Amino acid sequence: MPAFNDLGYRSLFAHPELVRDLVTHFTPFKLFRNVALFSFERVDPVYVSERLAARQSDMVWRVRIGQHVLYVYILLEFQSGVDRWMALRMQSYVGLLCQDLVKRHALSSALLLPPVLPVVVYNGAPRWSASLDLAALLMQAPAELAPFQPSQRYLLIDQQRLDRAALEANATLLALLFRMELSSASEVRDNVLPALLTWFDDAPQESLRLSVAQWIKHLAQRRANPESFAFDSVEGVADMERKFETWAEEFEDIGFQKGLALAEKARMEGAAEGQVTALRAMLGSLLHKRFGALPQTATLRIGQATQADLEQWFERGLDAPSLAAVFGDDSEAARPA
């Protein structure tokens with residue numbers, strides 16, 4: 001997976017606030033409107049096929065809709081490059097998800113499979129050219145066989161081509177982050193960042209603040225490295241290089257290279273010690289939720305760790321297959337109680 005998919009966006013969309021923003025403001029569907037935040041539940045996206053080959057989509061959420069306990073499963077894929085076979089990948093993910101639900105006896109009382117919404121969030125420079133429908137990837141079948149051919153569609157959210165006026169009129173956190181991705185450095189400094197800090201003043205979720213700060217860090221790194229992007233024309237290369245040069249020139253003024261903007265604000269308010277304390281609590285809660293009761297050695301290790309270690313373990317904890325993988329070793333601290 002490209003770096004775009006690893007920590008930045010995966011960390012963001014580990015929060016139900018961002019998932020709800022995405023499906024209510026950046027998709028045409030109305031059924032998610034007015035759905036309470038507690039109705040969004042993250043699901044483990046790792047499936048194992050009959051041949052024991054592990055497969056994983058980037059994010060899986062399920063949403064409880066209405067009073068009749070209808071669950072809609074949302075598959076989120078994050079892409080910085082065009083994948084011709086995305087529709088085929090989505091068909092595999094949907095099939096494995098359904099198989100997993102059957103094996104775990106997680107179906108409705110009527111033993112019917114739930115509806116699934118596959119979504120691709122794409123931020124690459126070239127226009128998305130892959131088919132949105134698996135049918136376009138198949139040879140034309142004889143008429144007699146046509147009804148038996150597979151079908152799978154997915155919804156594409158092409159971030160680079162979102163309507164800028166609509167984004168500026170959208171006050172959600174996700175819209176602000178999309179604007180940051182699409183704006184010049186001076187626009188970020190003068191308009192987006194102040195609005196982002198105001199958003200957190202009104203809704204100060206510490207764990208979400210940490211994820212946003214981490215995302216900003218990855219954005220800064222990608223902006224400083226245009227070679228990590230692919231372009232579909234010489235003109236596109238020249239245009240994006242000019243934008244990257246502007247970002248590089250103004251990063252120092254914004255303060256991204258001296259530290260994360262949100263973390264810097266916290267430090268200015270004298271909250272550095274509180275931030276580390278909150279980070280320890282968030283890490284402990286995350287690991288307990290994923291792996292169960294923590295051994296005492298792991299708790300002690302978290303209590304004595306530096307902020308850098310805590311941030312690294314928190315990032316690993318979002319996707320690590322085991323407690324040992326979170327700490328990066330097979331130490332006693334990683335063994336179950």
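Points to keep in mind about this one:
- Within the stretch 121-155, tally of residues that are under 29 Å from PHE26 (Cβ atoms), part of a loop (DSSP other than H, G, I, E, B) and either open to solvent by less than 50 Å² (accessible area, probe 1.4 Å) or touching an Asp or Glu at 6+ places or on another chain (Cβ under 9 Å) (or both): 12
- Set ARG189, ARG209, ARG153: member being over 24 Å from PRO126 (Cβ atoms), touching a residue at least 24 places away in the same chain (Cβ under 8 Å) and touching a Leu at 6+ places or on another chain (Cβ under 9 Å): ARG209
- Test for ASN5: is it at pLDDT below 90, assigned to a loop (DSSP other than H, G, I, E, B) and either open to solvent by less than 20 Å² (accessible area, probe 1.4 Å) or at positive phi (or both): no
- Whenever a residue of the stretch 166-181 is free of Cβ contacts under 8 Å to residues at least 60 places away in the same chain, its partners that are small (Gly, Ala, Ser) and open to solvent by 20 Å² or more (accessible area, probe 1.4 Å), lying with C-beta atoms within less than 6 angstrom and at least six residues away or across chains, give the pairs LEU176/ALA195.
- Taken as a whole, the condition of being within 21 Å of LEU162 (Cα to Cα) and modelled with pLDDT under 80 applies to MET240.
- Within the stretch 59-112, the set of residues being open to solvent by 10 Å² or more (accessible area, probe 1.4 Å) and among the charged types (D, E, K, R) comprises ARG62, ARG64, ASP83, ARG84, ARG89, ASP100, LYS103, ARG104.
The values are calculated or read from the model by the stated rules, or taken from the named source; none is laboratory data. No experiment lies behind these values; they were computed from the predicted model shown. Ideal geometry is used to build each Cβ from the backbone, glycine not excepted, and the neighbour counts take in all protein chains shown. Each accessible area value is taken on the protein alone, full model and side chains, heavy atoms only, with ligands, DNA and RNA left out. Shrake-Rupley method; radii C 1.70, N 1.55, O 1.52, S 1.80 Å.
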